[in-house]
Amino acid sequence: MGFLDKALGKTRQVLSENADKVEQAIEKAGDIVDEKTQGKYSGVVDKAQEAAKNLVDKNGTDSGEQQG
């Protein structure tokens, strides 16, 4: 297993252990962007938040399979 494989495995482990905190951070970051842009890009921000949360969910659930 190479360095990048190990790093990816560790990242997935951290995500799975802290998924709720990561999702809260994604939500907070989106809220800040909405505030700073006065809601001008709220649709785009919402889509980006959902995509990021889906990625967290996907990688968090895959982490058990990647352990080795």
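Listed values, structure above:
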| item | result |
| --- | --- |
| Any hit, region 44-56, residues being at pLDDT below 90 and assigned to a helix (DSSP H, G or I) | yes |
| Residue within region 27-35 that is aliphatic (A, V, I, L, M), surrounded by 12 or more Cβ atoms within 10 Å (Cβ to Cβ) and at pLDDT 95 or above present | yes |
| Pair list, Cβ < 8 Å and 6+ apart or interchain, from region 18-36 residues that are without any contact (Cβ under 8 Å) to a residue 40 or more places away in the chain and part of a helix (DSSP H, G or I) to residues that are open to solvent by less than 80 Å² (accessible area, probe 1.4 Å) and among the hydroxyl-bearing types (Ser, Thr, Tyr) | 34/42 |
| Residue ID - nearest to the chain's Cα centre (by Cα), chosen from residues in region 1-22 that are surrounded by 13 or more Cβ atoms within 10 Å (Cβ to Cβ) and small (Gly, Ala, Ser) | 19 |
| Residue count for region 20-58, restricted to those that are within 27 Å of residue 10 (Cα to Cα) and of a type in the set (Val, Ile, Thr) | 3 |
| Flag if residue 62 is at pLDDT below 90 and under 9 Å from the mean Cα position of the chain (by Cα) | no |
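The values are calculated or read from the model by the stated rules, or taken from the named source; none is laboratory data. In this text, all values refer to a predicted model and were calculated from it rather than measured experimentally. Neighbour counts run over all protein chains shown; Cβ positions are idealised from the backbone, glycine included. Side chains are part of the model used for accessible areas, which takes the heavy atoms of the whole protein and leaves out ligands, DNA and RNA. Shrake-Rupley method; radii C 1.70, N 1.55, O 1.52, S 1.80 Å.
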